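The values are calculated or read from the model by the stated rules, or taken from the named source; none is laboratory data. Nothing here was measured: the structure is a model prediction, and the numbers come from that model. Positions of Cβ are generated from backbone atoms using ideal geometry, with glycine treated the same way; all protein chains shown enter the neighbour counts.
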Amino acid sequence: MEIAAPKKQMSIARREAIWAYLLIAPWIVGFLVFTLGPMIASFFFSLTNYNITSAPVFVGFGNFIEMFTKDYRFWLSLRTTLTYALAAIPLGLGLGLLLALLLNANVPGIALWRTVYYTPSVVSGVAVSILWLYLFNPQFGVINWLLSLINVKGPGWLADPKWALAALVFMSLWGVGGGMIIYLAGLQGIPTTLYEAAEIDGANIFQKFFKITLPLITPVLFYNLVTGIIGTFQIFTQVYVMTSGGPAESTLMYNLYLYNNAFRYGRMGYASALAWILFLVVLILTLVVFRSSSTWVYYEGELRKK
Amino acid sequence: MMATIQEISVPQAVPAKKTGSIKAQRIVGKFMAIMLLTFGSALVLMPLVWMVSTSLKTEEESTTFPIEWVPKDVQKVTLGGTRSYFLYWMSVNGETKQLALFKKRPGNMGIFVEPDNPEIQYTASLIGAQRVKTLNLHFENYPKAMTQVPFLLYLQNTMLIVVTTTFGALISAVLVAYGFSRFRAPGLNIFFLILLSTIMLPSQVTLIPQFVLFQRMGWYDTFLPLIVPAFFASAWNVFLLRQFFMSVPIEMDEAAKIDGASPLGILWHILIPQAWPALATVAIFHFLWTWNDFFGPLIYIQSQSNWTVALGLQSFRALYTRNLTGLMAASTVTMLPCLLLFFFAQKLFIQGVVISGIKG
């Protein structure tokens with residue numbers, strides 16, 4: 001009996017391992033077929049000229065060299081996307097936080113406000129893009145109607161190369177309720193005793209915000225920042241439906257340019273190279289944010305250590 | 001579960017500094033917060049209100065400026081049995097009357113007549129004259145828009161994709177998350193790290209080879225490229241469900257195991273009943289994402305008979321440039337399932353966003 005026991009133990013461990021692998025098998029297969037395999041193939045394609053109908057022709061780093069030295073649209077689309085990100089992400093983070101702070105001020109009917117502000121986040125895609133296309137209409141659109149109420153003559157928005165990108169940033173703020181809800185959860189997790197202690201010490205509302213609220217919700221800010229960066233570089237439907245990258249290529253976002261190369265110009269190899277550069281840009285940005293996080297993101301654990 | 005000791009609550013001492021003026025400040029602050037929130041709500045809801053309002057108007061009323069928020073029809077009257085004339089609000093001897101504009105005269109003047117008695121004529125300035133409008137909701141825009149293009153077919157196609165992929169996404173994510181949360185096996189942690197790292201991977205990197213693969217398999221212009229990948233567990237869903245499974249005490253599994261339950265039995269009888277809010281969250285967000293997805297159908301679907309609502313809506317816009325009311329009716333129909341789902345499952349939504357945000 002005593003000799004048999006370890007053997008049985010092993011068979012239990014092995015059975016457990018077999019179960020584990022069986023259960024995660026769908027993901028492993030999916031990872032190999034839809035992620036790892038395509039990643040390797042995509043890297044190979046990025047070194048070729050490939051138009052799907054004929055076999056890929058190896059060109060070394062030709063695509064990357066063309067991109068960096070000859071293709072002004074590559075730089076333009078990268079700059080446009082970064083400009084959009086630099087405007088939309090901070091504005092979205094700030095506005096979301098502001099709304100969450102207002103909601104957290106013990107106002108009555110919090111559930112109702114939350115519902116209202118979150119509503120735009122549940123709709124997206126073509127319907128929303130079409131709707132905003134008409135909201136921005138210079139003649140009869142709602143935006144310029146609102147501006148006319150305060151005696152401002154609204155610009156041409158999507159018809160004006162100077163304003164089209166700003167219009168897209170403006171539109172992105174409609175979905176700010178998604179971030180707001182996450183902030184709100186963070187704010188509600190801050191112990192009220194901290195504020196009470198600060199009040200006894202005579203802290204004013206700004207001191208309370210900068211010394212208590214802001215540091216304690218930096219983890220949420222960090223999460224919203226990272227998802228914001230990743231989401232911004234995925235933007236496609238809005239520009240495809242609303243502007244097709246125009247007017248005068250002022251809204252030619254990176255993803256749209258990639259799509260055009262792959263599915264309009266039939267340059268699958270070049271599009272793959274674009275995809276890898278996009279990956280690197282997003283990776284570097286996220287790494288920078290992650291690295292910097294130790295200097296500005298506050299974690300509960302640190303409090304306990306001290 | 002460990003018993004937790006209840007904290008003994010001490011009556012809070014009121015800080016001496018909380019004077020009347022601070023209380024007054026609080027009330028003012030709260031009032032301002034409510035004002036700001038009300039103002040913001042109006043702005044946030046305005047696009048949707050405009051969409052619904054426009055969808056119920058006549059085409060000529062849909063592009064008026066300043067905006068008429070309530071759908072109204074311009075009133076006309078037929079005089080002499082043949083031609084119809086616009087009605088205007090006019091003040092006659094201090095009495096407001098509806099008069100028909102019979103003829104325009106130079107210098108923005110017009111000849112108006114009484115509709116009941118065209119013999120009585122008036123001459124008045126047209127500047128600032130208001131047309132007579134009455135409330136009229138043109139619900140017929142909806143069936144019209146739905147039949148101009150085969151919109152019901154698009155809805156049906158979209159539903160088919162949404163339902164099958166939601167099922168696939170749920171079942172695969174549950175199994176994989178169960179494997180990652182309740183079993184020990186060599187290399188499992190490394191696999192989990194790989195899974196986490198794929199969350200960050202932009203989909204563009206795998207886009208083109210995937211497209212080539214599906215095309216080679218003869219799946220182009222079918223629903224298969226949109227459906228099949230969902231059955232292979234999305235990393236994000238697995239992560240979310242694993243977090244949830246880990247919060248279910250393992251003692252419950254062990255008790256069931258002693259009673260002779262198989263691993264799948266434990267999943268079915270212990271974990272799934274506990275984790276159903278998380279499952280609902282995954283299902284809801286998958287539904288929304290697939291319903292609104294445009295890129296997938298755009299690159300994989302060609303034949304009109306296979307179009308989803310996203311494709312149908314986009315082509316409706318390109319096809320009928322002079323049909324804003326129909327377009328807004330179709331947009332409303334497209335958004336409605338998402339909005340209804342949200343209003344009926346609000347708690348799950350909010351909870352889902354918070355779980356993925358805080359635990360993520």
Practice item. Report the residue count in the stretch A:11-43 for those that are more than 7 Å from chain B (Cβ to nearest Cβ) and hydroxyl-bearing (Ser, Thr, Tyr). Key: 1
Review point. Taking A:LEU22 and the conditions (1) without any contact (Cβ under 8 Å) to a residue 60 or more places away in the chain; (2) crowded, with 18+ Cβ neighbours inside 10 Å, which numbered condition does it fall short on, given that it satisfies the others?
Key: (2)
Point to revise | Counted residues, the stretch A:270-292 - those being buried (at least 17 other Cβ atoms within 10 Å of the Cβ), more than 22 Å from B:GLY296 (Cβ to Cβ) and at pLDDT below 95 | key: 2
Exercise for review: Specify which of the listed residues (B:LEU213, B:LEU224) is more than 9 Å from chain A (Cβ to nearest Cβ) and either among the hydrophobic types (A, V, I, L, M, F, W, C) or buried (at least 17 other Cβ atoms within 10 Å of the Cβ) (or both).
Suggested key: B:LEU224
Practice item. Say whether the condition of being buried (at least 16 other Cβ atoms within 10 Å of the Cβ) and over 30 Å from B:GLU251 (Cα atoms) is met by at least one residue in the stretch B:182-197. Key: no
Check your understanding: Pairs, please: C-beta under 9 Å, at least 6 apart or cross-chain, first residue assigned to a strand (DSSP E or B) and in the stretch A:49-72, second among the small types (Gly, Ala, Ser)?
Key -> A:ASN49/A:GLY62; A:ASN49/A:GLY269; A:VAL57/A:GLY269
Check your understanding: Restricting attention to the stretch B:339-353, does a residue exist that is at the interface with chain A (Cβ under 10 Å from one of its Cβ atoms), in contact with a helix residue (DSSP H, G or I) (Cβ under 7 Å, 6 or more places away or on another chain) and among the basic types (Lys, Arg)?
Key -> no
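Before we move on, is A:SER124 within 7 Å of chain B (Cβ to nearest Cβ) and either among the charged types (D, E, K, R) or within 22 Å of the chain's Cα centre (by Cα) (or both)?
The answer is yes for A:SER124.
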Practice item. Consider B:LEU241 carefully, then state whether it is at pLDDT 95 or above, under 30 Å from the mean Cα position of the chain (by Cα), closer than 26 Å to A:THR232 by Cα and away from chain A (no Cβ under 11 Å). Key: no
Review point. Mind checking whether some residue in the stretch B:152-175 is assigned by TED's automatic domain parsing to the domain that holds B:LEU324, touching a His at 6+ places or on another chain (Cβ under 6 Å) and assigned to a helix (DSSP H, G or I)?
Key: yes
Practice item. Determine whether the stretch A:181-199 contains at least one residue that is of a type in the set (A, V, I, L, M, F, W, C), under 17 Å from A:LEU101 (Cα atoms) and not in a helix (DSSP H, G or I). Key: yes
Point to revise | Scope the stretch B:176-193; condition free of Cβ contacts under 8 Å to residues at least 12 places away in the same chain, more than 7 Å from chain A (Cβ to nearest Cβ) and either in contact with an Asp or Glu (Cβ under 8 Å, 6 or more places away or on another chain) or in a helix (DSSP H, G or I) (or both); matching residues | key: B:ASN189, B:ILE190, B:LEU193
